[in-house]
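Read the structure below first, then the notes.
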Amino acid sequence: MQARSAQERRDALVELYHEARGCERCPLHQSRTKVVFGSGNADADLMFVGEAPGYHEDRQGAPFVGQAGKVLESLLGSIGISRHDVYIANVLKCRPPGNRDPQPDEISACEGHLFAQVELIRPRVICTLGNFATKLLSGQPHGITRVHGRAQPRRIAGVDLVLYPIFHPAAALYTPAMMDTLRADFAKLPELLTGVPAAPPPPPPVAREAPAPVAEPEPEYAQLGLF
Ligand code: URA
C-alpha cells in the first residue's frame, strides 16, 4: 500500500475519532461523558500511551489534563519538549467508573482504536505509561517494575518502532521518590528518538499544489489537538 501524506493521515485520524465517538463496543459507553480519543501532533515521532481517562479527561474529552498530566508535562519539559510535539492516547478511550482498572474485555474491545492510531501516526518511539499499556503493546506479561527504562524494538500495527515502557506519571503523585526514576527514564528518550531510523516518509506529491493558507484550525482538528 502507498504511504499516506501527512494531510491524509490527519483526515483519517479525524474519521477514526468520529467512529470512536459513537463506539458502543463495551459497556463503558453507558457511563462516559466524553470519549477521550487522543490528542497532539499527528506527525509526532514520539507517542505516549496511558491507561484510561480519569475524571477530568472524561469531562474534557482530552487525555492527561489532570494531575497526572501535569507530571507528564513536567517530565516532557525536563527533556525540552512540549505536549504539542507528541501524540498522547490511552489503552481505553472511555473512563472506567471510579477509575478502576481496565478489564480484559474492555481492553480487547478498545484496542482496535489504539492500533489504528499507531498505524496512522507511525511514531518512531511509543512510550507506554504503566502496566496496562506496556502489557498490551509488548504482548508480554512482564510488569512495569521489571521492564521500565528498557527499549524494545517491535512491529506494532505494521510499524517498526521502539517500545519504551516507563512508570505511569500518576505513580509520582503517590510516591514522590518515583519522580527520580521517571526523570532518569525520560532522559533516555532523546537518544532513542534520534538513534532510530524514521518510518518511511510519504511519497512526494505528484503535482505541485499551492501551499495551504495558514488558517485557524478547523473546529474538529482543534478539538483533537491536531497541529
Ligand atoms: N491517566 C491515564 O492513564 N490517562 C489519562 O488520560 C489520564 C490519567
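The values are calculated or read from the model by the stated rules, or taken from the named source; none is laboratory data. Computed from a predicted structure; not experimentally measured. FYI the Cβ positions are ideal-geometry reconstructions off the backbone, even for glycines, and counts take in every protein chain you see. Surface accessibility is based on the protein's heavy atoms, side chains included, excluding ligands, DNA and RNA. Shrake-Rupley method; radii C 1.70, N 1.55, O 1.52, S 1.80 Å.
Can you tell me the length gained on complete extension of the stretch SER5 to HIS84, counting 0.36 nm per residue apart and subtracting the Cα distance? Please report the intermediate quantities before stating the final value.
Numbers: separation 79, 0.36 × 79 = 28.44 nm, distance 1.99 nm.
Full extension from SER5 to HIS84 adds 26.5 nm.
Can you give the Rg and Dmax of segment 12-193 based on its C-alpha atoms, in angstrom?
Here Rg and the maximum Cα pair distance are 15.0, 43 Å.
As an exercise, find the ratio Rg/Rh for segment 102-154 from alpha-carbon atoms, using the Kirkwood inverse-distance average for Rh.
Over the Cα atoms of segment 102-154, Rg/Rh equals 0.96.
Roughly what % antiparallel, to the nearest 5, for the DSSP beta bridges in the chain?
Numbers: 7 of 20 bridges.
Looking only at bridges with both residues in the chain, the antiparallel portion is about 35 percent.
Would you work out what percent of the accessible area of the chain, with all protein chains in place, is carbon or sulfur (probe 1.4 Å)? Mind showing how you got there, number by number?
On the way: 6140 of 11630 Å².
Carbon-and-sulfur percentage of accessible area, whole number: 53.
At a threshold of 8 angstrom on Cα-Cα distance, excluding pairs fewer than six apart, so keeping six or more, what relative contact order does segment 12-193 reach in percent? Before the final figure, lay out the partial values.
On the way: 327 pairs, mean separation 44.4, N = 182.
Taking the mean separation of contacting Cα pairs over the length of segment 12-193, I get 24 percent.
In nm, give the distance between the simple-model label positions of THR33 and ARG146, each being 7 Å from the Cα along the Cα-to-Cβ direction.
Each label point is offset 7 Å from its Cα along the Cβ direction, giving 3.8 nm.
If you stretched the chain out fully between ARG25 and ALA187, how much longer would it get, using 0.36 nm times the residue separation minus the C-alpha to C-alpha distance?
On the way: separation 162, 0.36 × 162 = 58.32 nm, distance 3.79 nm.
Between ARG25 and ALA187, full extension yields an extra 54.5 nm.
Can you sort MET179, MET47 by 1.4 Å-probe accessible area, starting with the largest? Present the calculation step by step, with values, prior to reporting the outcome.
On the way: MET179 30, MET47 0 Å².
Ranking MET179, MET47 by accessible area, largest first, yields MET179, MET47.
Rolling a 1.4 Å sphere over the protein heavy atoms, what is the accessible area per residue of the chain, to the nearest Å²? Intermediate results must be reported in sequence, preceding the final value.
Details: 11630 Å² over 227 residues.
The answer is 51 Å² per residue.
Quick one: putting +1 on the C-beta of Lys and Arg, -1 on the C-beta of Asp and Glu, what dipole do you get for segment 44-177 around its Cα centre, in Debye to the nearest 20? Don't skip to the end; give the middle numbers.
Working: 13 positive and 12 negative charges, 49 e Å.
My answer is approximately 240 debye.
If the reach is capped at under 30 angstrom between alpha carbons, list the lysines near LYS188, excluding any in the same chain fewer than eight residues apart.
Partners within reach: LYS70, LYS93, LYS135.
What is the magnitude of the charge dipole of the chain about its Cα centre, with +1 placed on the Cβ of each Lys and Arg, -1 on the Cβ of each Asp and Glu, and no other charges, expressed in debye to the nearest 20? Display every interim value, and only then the final one.
Values: 23 positive and 25 negative charges, 97 e Å.
I would put it at about 460 debye.
Suppose R0 equals 22 Å; then what is the FRET efficiency for ASP105 and TYR174 from their Cβ-Cβ distance, rounded to the nearest 0.05?
Details: r = 27 Å, r/R0 = 1.25.
For ASP105 and TYR174, the calculated efficiency is 0.20.
Compute the Cα gyration tensor for segment 84-184, then decide on rounded, prolate or oblate, letting a ≥ b ≥ c be the square roots of its eigenvalues: rounded whenever a/c is under 1.5, prolate when a/b is larger than b/c in the other cases, and oblate in all that remain. Let's see the in-between values first.
Details: a/c = 1.60, a/b = 1.14, b/c = 1.40.
Oblate, because a/c is 1.5 or more while a/b does not exceed b/c.
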